[in-house]
Amino acid sequence: MPRLTEIANFLNSAGWGDAQRLPLPGDASTRTYTRLRHGPNTAMLLNQPQSAESSACPPDASPADRERLGYNAVARLAGADTRQFAAVAAELGMRGLSAPRLLAADHSRGLLLIEDLGDARFADIIRDGADERDLYAHAVDVLLELHRHPAPKVMRAAPGIAAPLLAYDGHAMMAEVALLPDWFMPVASGAECPASARQSYLAAWGQVLSQLEEAAPVLILRDYHAENLMWLPDRQGPARVGLLDFQDALAGAPAYDLISLLEDARRDVAPALASAMLEAYCKARTARDGDFSEKAFRQEAAVLAAQRNAKIIGIFARLWKRDGKPRYLGFLPRMWGYMERDLEHQAMKPLADWFSAHVPNEWRGVPSIG
């Protein structure tokens, strides 16, 4: 009841107190969204309970500090801090991209009133017959526009509201890949992953990640896929793609969001389409940026694809085992399909050897594990 009172007070102060409320389906996070309808106008209420997440990462936190604070700080996730959402949205808006405009905010209580970008999610309209290749080409254009600029050090949402853009560093990446032995392996095998196997797994990842070449970091959104992209045909250029779920943005490698798009955890992306979009991105970067190395980018993409997919396999197992969300098991066959393709790249040999030794084929992608 106190939370309902806070929401009512917030909406009253924003002039939306008598709006019709239409809750939207939830996802894997602790946030909820409600569509508000007030006469001919609509808006979205973002409700982020402040006690539902561990602490975000302070800008000056050491790896040891981050470990003490919890997983959000380790992996540099925004947690319950809605200022991060507002700051990233403002940064994207300044670049001419379509993030929801902030209409009202109470960051101390985790309540935002934001622009409603409609219902035309890429995943939904593709299922209903929209041209998949055309929509994915527009999504690639957004990344090309985003990657024109180096990652900012600080993002400003409004006077007095600023958020640093932290680096997607090795400590975060290693913590993420550790989710696979820590959560998937016990679910698949019925026993904890042996310490020696876990240690050799992380050592293999150390070898693989060391192959990433230093590149100027860009703003990466970290969850760039068809369920978080909205089609806005009345807008122009890259602004025709609406952007959602970007509060965990960091400064990272340009290949990351492209891989997030093309190896989508929630829908199949045909290898031919993924290959064509990767080729289109590389062709555009080669023509535009004289220092772009397609070979280095493709290796970066292979490494980051496997890193992201290892993380997601672990997270989906955790969502089932710890959080009681069995539908995420149904995504595992797709994730293992991606992972097995990723492991074919020559850069992934240390990791491919580990999987061959420790993860039998019958464990890979079985949705009824456990």
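The values are calculated or read from the model by the stated rules, or taken from the named source; none is laboratory data. Predicted model only: the values in this text are computed from it and were never measured. Please note: Cβ atoms are built from the backbone with ideal geometry, for glycine as well, and neighbour counts cover all protein chains shown.
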Practice prompt. Could you grab me the full set of residues in segment 227-253 that are over 30 Å from ALA172 (Cα atoms) and part of a loop (DSSP other than H, G, I, E, B)?
Written response: LEU232, PRO233, ASP234, ARG235, GLN236
Fill in: Residue satisfying condition, being touching an Asp or Glu at 6+ places or on another chain (Cβ under 8 Å), in contact (Cβ under 8 Å) with a residue 24 or more places away in the chain and either of a type in the set (Gly, Ala, Ser) or surrounded by fewer than 21 Cβ atoms within 10 Å (Cβ to Cβ) (or both), within set PRO164, PRO100, PRO186, PRO150
PRO186
Worksheet item: Restricting the search to segment 324-370, which residues are among the hydroxyl-bearing types (Ser, Thr, Tyr), out of contact with any helix residue (DSSP H, G or I) (no Cβ under 6 Å at 6 or more places or on another chain) and either in a helix (DSSP H, G or I) or at pLDDT 90 or above (or both)?
Response: SER356
Worksheet entry | Condition met for PHE292 (touching a Leu at 6+ places or on another chain (Cβ under 9 Å), in a loop (DSSP other than H, G, I, E, B) and among the hydrophobic types (A, V, I, L, M, F, W, C)) | no
Worksheet item: Is one or more of the residues making up segment 120-136 assigned to a loop (DSSP other than H, G, I, E, B), without any contact (Cβ under 8 Å) to a residue 40 or more places away in the chain and on the phi > 0 side of the Ramachandran plot?
Response: yes
Practice prompt. Filter segment 76-97 for residues that are part of a helix (DSSP H, G or I) and either in contact with a strand residue (DSSP E or B) (Cβ under 7 Å, 6 or more places away or on another chain) or surrounded by 22 or more Cβ atoms within 10 Å (Cβ to Cβ) (or both) and give the result.
Written response: THR82, ARG83, GLN84, PHE85, ALA86, ALA87, VAL88, ALA89, ALA90, GLU91, LEU92
Fill in: Looking only at segment 207-226, and only at residues there that are within 22 Å of the chain's Cα centre (by Cα) and not in a loop (DSSP other than H, G, I, E, B), the one that is surrounded by the fewest Cβ atoms within 10 Å (Cβ to Cβ)
LEU209
Worksheet, complete the sentence: Scanning segment 16-36 for residues that are surrounded by fewer than 16 Cβ atoms within 10 Å (Cβ to Cβ) and either touching a His at 6+ places or on another chain (Cβ under 8 Å) or over 17 Å from LEU111 (Cα atoms) (or both), the one modelled with the lowest pLDDT turns out to be ALA28
Fill in: Boolean, ARG109 is charged (D, E, K, R) and not in a helix (DSSP H, G or I)
yes
